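Here the structure is laid out as structure tokens; the discussion comes afterwards.
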Amino acid sequence: MQENLSALMDGELDERAAARLLTELKQSEELRQHWHTYHLIGDVLRGESAGSTDLLEAVSQKLASEPVILAPRSGLQTRRHVRLAYSLAASVAGFAFVAWLGWSSLGDNTVTNNNQQAMNSADASRMRVYWQAHRQFAGHMDAGADVRFASVEIHDGEQ
């Protein structure tokens, strides 16, 4: 119905529909209120009238009588802080993990190499004694063959 009212104001409604709408306009208070509001809006948009003072006073009174709504702060700011904190914690945890891996492999490598050298020389001498003591039981070896051990050490970055 309001679309027809707008079309009537713009002169776009045919005669039959306009006559029917004018009849309804005489009977309906709500439709007359819309008619008045549309004309008031049109006048203000064209700059012909600043609106009636009664209307301005009525709007001011209604605004003054409405309760003030105190809304809590948006959670957006809090969510940003939480997201920043999680990002920072993840970065620190990642850095700590990589540092731990590097430190543990560096420390273990040095200890392992030192232990391995000590163990290799001790094992080699023990094995020589063992092989010499049990040479007679090794059927496939020459009775005079000497068992030799070789060890290779690889250091990172050195040749």
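A few notes on this one:
- Taking the criterion of being at pLDDT 85 or above, assigned to a loop (DSSP other than H, G, I, E, B) and of a type outside the set (D, E, K, R), the only residue of region 10-42 that qualifies is S28.
- Set S74, S49: member being at pLDDT below 75, in contact with a helix residue (DSSP H, G or I) (Cβ under 9 Å, 6 or more places away or on another chain) and not in a helix (DSSP H, G or I): S49
- Positions within region 23-39 being under 12 Å from M9 (Cβ atoms), over 49 Å from the mean Cα position of the chain (by Cα) and of a type outside the set (F, W, Y), in sequence order: L25, H36, H39
The values are calculated or read from the model by the stated rules, or taken from the named source; none is laboratory data. These figures come from a predicted structure and were not determined experimentally. Note that each Cβ is placed from the backbone with ideal geometry, even for glycine, and that neighbours are counted across all protein chains shown.
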